[in-house]
Amino acid sequence: AAWRKVRCWYYLDLVLEAVLLAALCALTARLQTKASRPEDVDESAPGLRGDALPAAFWTLLFVWSLNIVEEMLQAKAFLWDRPHWRGDYLKFDNMLDWLRNTAIGLLLVLVVNQASADLLCPLFGVVAFGRWWKLLYAFRALDYFGERVLPVIGAFKEVLPFTLVLVFYAGAFVHGSYVLSYHGWDKVILSVYRLGVLGDFSLEADTYGSADRQYEDEDGDLVTMPAPRLSWWWFQLVLFFGISFLLTVAMMNIFIQVMGSAFDRQEEIAEARFFRSRASICLSYSLRPWTRAAFLEEEFVWMCYQDRPNEERQARSVRQSMARACARLGRHLDWRLDHIDKRQEALGRRLEELGESHLALFHHHPDQECSEQDQIQQGVASDMESMERLQKVETTIGRLETQLAAIAAAVIPNSVHGSPS
């Protein structure tokens, strides 16, 4: 399979990503912006200590150069060698990789030129965040981490529409709070975030803009001075109620439910996404010159996976667990229905045999007709009672099956026996 051919290269690239992140951590330790107070930080001074470039810089430069070469070869393979693949390359993930590499290149230039801390530190933070995220995303093809990491990442992508709604709600409250407050944008945005998302607030400071002050008078007594309020303080209080209910209570609880549902849906398709990610990685390696020789005789990238029974699959989501429980109960009900059908067929054959025996006795022994007929009628009555009991059981099982289907439809939108595509 293709994965067996490229996994050594994949592990090597994974190690290089870890080395790049370790080099960034080593450079972070050389930042000289640490102080006990903000006024002690000289933002115009060089961001890194020492005049000579550290070894972590050269390590970062080497790994970054390899990444640039790989990205350029991949861009050439998709954009120039195979023009009909351009749409597959011009996607968000590839553009994000180019942005990460561009940011690292700009960071290396600033380090060489001994840039000041006010330029170096913000860019350093952006680069470090991007590389941590990149290393996490690289785990998606590993056997143990792949099917566990991808649902988490996919759930965040699914809640983007809800995040857009949340941003508009928060923007409305920020705008209203800014108009009614005498503070700047930074304090207003922070207050709305603390109240709406974290549920942490100070009623006086975050609602009216200032808190009560306490001081000692000439006699040493503690005196509290009420905070000054604007003339529209009542409107500020109404806005506080709106933020606390709509953002803190309603939207945050809806967000938890949306995130949980998105994670369950992503876990249902985790296996398919896992092998799709591996196929994409194998295709990327097959286009590189140093790994292309392993794919020269193949027209397609072939992927193999272990065919595991449904009972042995790792069903970690509520939807999958309910689907397995409903499937087991459905199989049990099918077995019971088959058993009832067989009993009905046996009873029908018994009635036919009794009818034939009755006719035979009537023709051969007319004098014994009455006694034999009574016995036959008793047997038929007994069999009819058995059939009525079986029909009641069948009706009960039918009602249970209908209720089970309703439960499955409410919990699992897809078919119980279906598989996610």
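The values are calculated or read from the model by the stated rules, or taken from the named source; none is laboratory data. Owing to the predicted nature of the structure, the values given are computational and were not obtained by experimental measurement. We place every Cβ from the backbone using ideal geometry, glycine too, and count neighbours over all the protein chains shown. The area values use the complete protein model at the heavy-atom level, side chains included, leaving out ligands, DNA and RNA. Shrake-Rupley method; radii C 1.70, N 1.55, O 1.52, S 1.80 Å.
For the stretch 70-117, filtering for residues that are open to solvent by less than 60 Å² (accessible area, probe 1.4 Å), polar (S, T, N, Q) and within 33 Å of the chain's Cα centre (by Cα) leaves 3.
For the stretch 249-267, a residue qualifies if it is open to solvent by 40 Å² or more (accessible area, probe 1.4 Å) and over 9 Å from the mean Cα position of the chain (by Cα), and the qualifying residues are VAL249, ASN253, ILE254, PHE255, ILE256, GLN257, VAL258. For the stretch 291-300, does any single residue satisfy the condition of being modelled with pLDDT of 70 or more, loosely packed, with under 15 Cβ neighbours inside 10 Å, part of a helix (DSSP H, G or I) and within 17 Å of the chain's Cα centre (by Cα)? No: the stretch 291-300 contains no residue that is modelled with pLDDT of 70 or more, loosely packed, with under 15 Cβ neighbours inside 10 Å, part of a helix (DSSP H, G or I) and within 17 Å of the chain's Cα centre (by Cα). Of all the listed residues (LEU203, LEU150), the sole one being at pLDDT below 80 and of a type outside the set (D, E, K, R) is LEU203. State whether the residues of the stretch 57-76 include one that is touching a residue at least 24 places away in the same chain (Cβ under 8 Å) and assigned to a strand (DSSP E or B). No, the stretch 57-76 has no match at all.
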